[in-house]
1. Of the conditions (1) modelled with pLDDT under 90; (2) out of contact with any Ser or Thr (no Cβ under 6 Å at 6 or more places or on another chain), A:ALA186 clears all except one; give me its number.
2. Is at least one residue of segment B:37-60 hydrophobic (A, V, I, L, M, F, W, C), in contact with a Cys (Cβ under 9 Å, 6 or more places away or on another chain) and in a helix (DSSP H, G or I)?
3. Being closer than 28 Å to B:SER90 by Cβ and in a loop (DSSP other than H, G, I, E, B) is the filter here, so list the residues in segment B:129-150 that pass it.
4. Find the strands (runs of 3 or more DSSP E) located wholly in segment A:195-240 whose residues include 1 or more that are in contact with a Cys (Cβ under 9 Å, 6 or more places away or on another chain) and not aromatic (Phe, Trp, Tyr), and list them.
5. Aliphatic (A, V, I, L, M), within 14 Å of chain B (Cβ to nearest Cβ) and in contact with a helix residue (DSSP H, G or I) (Cβ under 9 Å, 6 or more places away or on another chain) - does that describe any residue in segment A:251-260?
6. Identify, from the list B:ALA80, B:ALA110, the residue that is more than 8 Å from chain A (Cβ to nearest Cβ), at pLDDT 90 or above, within 30 Å of B:THR19 (Cβ to Cβ) and part of a helix (DSSP H, G or I).
7. Looking at this structure, is A:SER214 surrounded by 15 or more Cβ atoms within 10 Å (Cβ to Cβ), under 29 Å from B:GLU153 (Cα atoms) and among the hydroxyl-bearing types (Ser, Thr, Tyr)?
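The values are calculated or read from the model by the stated rules, or taken from the named source; none is laboratory data. Because the structure is a prediction, the values reported are computed rather than measured. In this analysis, Cβ positions are derived from the backbone assuming ideal geometry, glycine residues included, and neighbour counts consider all displayed protein chains.
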Amino acid sequence: MTVHREEHLDLCAARVLGSIDEADRLELERHLADGCAECERVLAELSEGAERLAASATPVMPSPRLRPAVLERVRAEAAAMPRGRETERAGDPTAAPVAPRRVIELPARRRPAWPTWALATAAAVLAVSTVATWRAADTLRGELRGARERIAQAELDLAVERAWAAVAMSPGARVVDLAPLTGGVALPHVRATYDPASRRAIVAFENLTTPAGSDFELWAILTPDGPRSLGVVRPDASGRAEVRVPDAGDPAALAAFALSLEREGGSPDPRKPAGPVVLAGSVKS
Amino acid sequence: MSDQDLDRSCIQRMRGGDTVALEELYDRHTPMLYGLVLRIVGRAADAEEVLQDTWLQAWRRAATWDPARGTVAGWLVTLARSRAIDRIRSVASRRRAETAAPPPEAPVAADEPPANAARRQRQERLSAALAALMPRQREVLELGYFGGLSQSEIAARIDAPLGSVKSWTRQGLMRLRELVPQEEMT
C-alpha cells in the first residue's frame, strides 16, 4: 500500500484540472487504488473549484445555423439506429433496429399445461441470461474500442511531440536570432531553430505586442524563390508565441527568417510582404 | 422541477430515442458549453464543429451518464472540454493554433444569451473570484484548463519550477471553491 503524502493532494488538483502529467497520473492511480479517504475528500473539494473555473467562461450564443445542423445529425443517427422506447434497452444505445412485427392470429391448440409452462420458463431464463451476457460483452467491446482509440491518439501525440523535440536536439540545428531592421514599433525578441535534417523549424517569440489594426507575419526567405509566408503570429496573454513550421524549406535554399508588420490579417500575397520587414535573421550553415 | 431534474429526465428520454429531449438539453446548456469551447479553441468555426461533436456524443452516450458521478451539466462540460482540448492538440489544428488569435476574453455583447439576473450575478461573482486569485494561480489554472497544457508544459511556458506550478494549481482551485460558495452555483 502506498503511504499518503502531501504531494498526492497536488496530484489530485492536477487531475481535476485535466493537466496531470502521465507519470503523476500513474502514481496517483496507484495511490487511489489502495483507497485513500483523504485524497477522495480533497478530490471532491477540488472538483468544485474546477466547476467554478469552467463556469467562469462567459456564455455565448453560437450561430443560429448550429442548432438545426446538430439536430439533423442526431435525427439521422436516430433514424439509422432507432432505440427502443422502453427503459430496459437504455443501457445499449447502439442496439440494432427492431422491425415492426405483424401479428397473425392462429387458432388455439389444446396442449397439456405443464410442458408449456416448463418450456416457457426455460426459454425465459435462457433469454435473460443470453441478453445479459450479450450486453456485458457489448459494453466491454465498447470500452476496449474507446481505450484503443485513446492509446492510438496518445501515441500519435507522443510521436508528434518527439518529432518537434528533435528539432532542438538535432546536432545540425541552426539557431537564428532575428535582429531589428527598423524603429518606431516595439519589436519582439524572436529566435528560430531550424533542423536541416527534418526541415522543421520552431520560432519562439517574446514581448510580442501587436499594434492596433496590424499583425506581424513570419516569412521564410528562400533563394531563388523569394519570401514564403509562414503565417500571421499572434501572442498569448503573456506576449509569447511559438510557431512550429513543418517544412521551412530546403537547407540549400533557406536563407533567412523575417518578420513583417502587416495590416490586420496579414499580407494579401503569401509570396511577398506588403508591409515593412522589421526583423530578419540569416540561417547560417 | 429544478434544472437538474429536467436534465435527468431528458437523459432518460434520450436513452429511449427521444430527440426532442436532446433539443431541450441543447437549448438549456449550449450557451454555457459554447462559451467554454470558444474560450479553449479560440475560433468560432472550430468551436461550432467541436460543439456538434459534443452533442452527437451526448446523444450516443446518454446511457453512460452516471448520476453518482455528477450532474448532467458537469458531464456535458467534460465531454465538451475533452473534445475542445483534442481539437487544439490535433496535428491539423495545431498548425492553425500556431497563428490563431488567442481566445476572446470578452465575447461580443450581441452574441450573449439573454441571462436572468441570477445568472448574470453568478457570472460576475465567478469573474471576480478568478480576478481575486494570485496572478500565478490564475495563470496556471487557465493554461491547464482552457489551454490544455500539462503541468510540465505550463512550467516551461511560464518559466517556473514544476513544484510551484503544482502548488499554485491546488491553491487556486481551493481558493475558487472558497470564494464562490456552492449555494451560489445552483
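1. Only one criterion in (1) modelled with pLDDT under 90; (2) out of contact with any Ser or Thr (no Cβ under 6 Å at 6 or more places or on another chain) is unmet by A:ALA186, namely (2).
2. Scanning segment B:37-60, I find no residue that is hydrophobic (A, V, I, L, M, F, W, C), in contact with a Cys (Cβ under 9 Å, 6 or more places away or on another chain) and in a helix (DSSP H, G or I), so the answer is no.
3. Correct list: B:PHE146, B:GLY147, B:GLY148, B:LEU149, B:SER150.
4. So the answer is none; nothing clears 1.
5. For segment A:251-260, residues aliphatic (A, V, I, L, M), within 14 Å of chain B (Cβ to nearest Cβ) and in contact with a helix residue (DSSP H, G or I) (Cβ under 9 Å, 6 or more places away or on another chain): absent.
6. The match here is B:ALA80.
7. Against the criterion (surrounded by 15 or more Cβ atoms within 10 Å (Cβ to Cβ), under 29 Å from B:GLU153 (Cα atoms) and among the hydroxyl-bearing types (Ser, Thr, Tyr)), A:SER214 does not qualify.
Here's the yes/no breakdown for (1) more than 23 Å from B:LEU38 (Cβ to Cβ); (2) at pLDDT 95 or above; (3) within 9 Å of another protein chain (Cβ to nearest Cβ):
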{"residue": "B:ALA128", "(1), (2), (3)": "no, no, no"}
{"residue": "B:LEU141", "(1), (2), (3)": "no, yes, yes"}
{"residue": "B:SER150", "(1), (2), (3)": "no, no, yes"}
{"residue": "B:GLU153", "(1), (2), (3)": "no, no, yes"}
{"residue": "B:ALA160", "(1), (2), (3)": "yes, no, no"}
